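The values are calculated or read from the model by the stated rules, or taken from the named source; none is laboratory data. Keep in mind the model is a prediction, meaning the values are calculated, not measured. For neighbour counting, all protein chains shown are included, and Cβ atoms are generated from backbone atoms with ideal geometry for every residue, glycine included. For accessibility, only protein heavy atoms count, side chains too; no ligands or nucleic acids. Shrake-Rupley method; radii C 1.70, N 1.55, O 1.52, S 1.80 Å.
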Amino acid sequence: MGPGGTGSCWPLAGTLLVAVAASMVAGGEDCLWYVDRNGSWHPGFDCEFFTFCCGTCHQRYCCRDPLRLLTERQQRHCLAF
């Protein structure tokens with residue numbers, strides 16, 4: 001058996017599949033309001049179809065990269081802290 005054993009690429013493939021599926025479901029995902037690192041308040045905004053909210057707790061923007069997806073659940077978690 002080689003390094004990583006049989007099927008060692010499956011976790012990566014599964015992760016990519018989940019990311020792609022999330023991006024398809026999250027098309028048009030809203031960016032909720034947030035406060036940036038300077039303490040400035042930014043209102044929420046909608047992303048266009050086939051784009052979704054990306055970024056961090058302190059900076060948000062619309063993008064098409066599923067690896068940068070910031071779900072509404074994650075955004076709400078940011079608000080709690």
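In this rough spin-label picture, where each label sits 7 Å from Cα along the Cβ direction, the Leu67-Glu48 distance is 2.3 nm.
With the whole protein complex present, His42 retains an accessible surface near 60 Å², based on a 1.4 Å probe. The magnitude of the dipole of segment 29-79, with charges of +1 and -1 set on the Cβ of Lys/Arg and Asp/Glu and taken from the Cα centre, is near 220 debye.
Per-atom-type breakdown for segment 29-79 gives carbon and sulfur 52% of the accessible area (1.4 Å probe, protein chains only).
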